[in-house]
Amino acid sequence: MATLDDILEPGPAERLATGFVFTEGPSWHPDGFYYFVDIRRSLLFRLRPGQTPEVVRSETGEGNGTTFDLQGRLVICEGGNRRVSRMAADGSVAVLMDRYQGKRINRPNDVVCRSDGCILFTDPCLRIPLADKELVHSGVYRIMPDGVLYVANTRQAQYIHAIELDAAGD
């Protein structure tokens, strides 16, 4: 099995940009740039190494985790908007999910796209006023079944679950 040293060349870290409030969700695009968000300012940035970061979307609803789908479109967890959306190359935004069983999801946080197109995201129930909560549980959600789902709890009792999914996604 390959180790991190087999994949990356060790070396010193380099600061690419600064001057943000609370950054999250970096994703590298094969065209040579990063996307990342400034959660507190609800801004999505594109950063080409050696250049100044540019705002590509405002009003991200406290955007957090990002990834790319198989077509290269950016998928972003919009915690404050309580939804997961997808941004096309032209900047148009489509909501992928904002409800589960008719109830608004909580604050989607992290997201990943598998090689088969399956999109998985976490939805903790933190930072939602009790009166606004429609789902009383934290959850992990997916679009498309198959395979194994890994769930990491990084709070008090830290652990990782590996959950096998059947063809129906159960």
Item to check | Output for region 54-76, where each listed residue is open to solvent by 10 Å² or more (accessible area, probe 1.4 Å), free of Cβ contacts under 8 Å to residues at least 40 places away in the same chain and in a strand (DSSP E or B) | outcome: E54, V55, V56, R57, S58
Next on the checklist: Let me spell it out: the conditions are (1) in contact with a helix residue (DSSP H, G or I) (Cβ under 6 Å, 6 or more places away or on another chain); (2) more than 26 Å from D69 (Cα to Cα); (3) not basic (K, R), and D5 meets all of them except one. Which number is the exception?
Outcome noted: (1)
Next on the checklist: Would you confirm, using the coordinates I've provided, whether E9 is of a type outside the set (G, A, S), out of contact with any strand residue (DSSP E or B) (no Cβ under 7 Å at 6 or more places or on another chain) and open to solvent by 50 Å² or more (accessible area, probe 1.4 Å)?
Outcome noted: yes
Next on the checklist: Taking the criterion of being out of contact with any Pro (no Cβ under 8 Å at 6 or more places or on another chain), open to solvent by 30 Å² or more (accessible area, probe 1.4 Å) and closer than 29 Å to V136 by Cα, would at least one residue in region 29-38 satisfy it?
Outcome noted: no
Item to check | Only one of P10, P53 that is farther than 30 Å from G139 by Cβ and at pLDDT 95 or above | outcome: P53
Checklist entry - From the residues in region 110-128 that are at pLDDT 90 or above and more than 15 Å from G61 (Cα to Cα), which one is surrounded by the most Cβ atoms within 10 Å (Cβ to Cβ)? => result F121
Next on the checklist: Let me confirm something: among I39, I76, which residue is modelled with pLDDT of 95 or more, within 14 Å of the chain's Cα centre (by Cα) and farther than 20 Å from L120 by Cβ?
Outcome noted: I39
Next on the checklist: among the polar types (S, T, N, Q) and in contact with a helix residue (DSSP H, G or I) (Cβ under 7 Å, 6 or more places away or on another chain): is that true of N64 in this structure?
Outcome noted: yes
Checklist entry - Inside region 116-143, can you point out the residues that are within 16 Å of N81 (Cα to Cα), β-branched (V, I, T) and not in a loop (DSSP other than H, G, I, E, B)? => result T122
Item to check | Verdict on Q51 being farther than 30 Å from E134 by Cβ and open to solvent by 30 Å² or more (accessible area, probe 1.4 Å) | outcome: yes
Next on the checklist: Being in a loop (DSSP other than H, G, I, E, B) and in contact with a strand residue (DSSP E or B) (Cβ under 7 Å, 6 or more places away or on another chain) is the filter here; which residues of region 92-106 pass it?
Outcome noted: D98, I105, N106
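The values are calculated or read from the model by the stated rules, or taken from the named source; none is laboratory data. Small disclaimer: the values here were computed from a predicted structure and weren't measured. Glycine gets a Cβ as well: all are built from the backbone with ideal geometry, and neighbour counts include every protein chain shown. Ligands, DNA and RNA are excluded from the accessible area calculation, which covers all protein heavy atoms including side chains. Shrake-Rupley method; radii C 1.70, N 1.55, O 1.52, S 1.80 Å.
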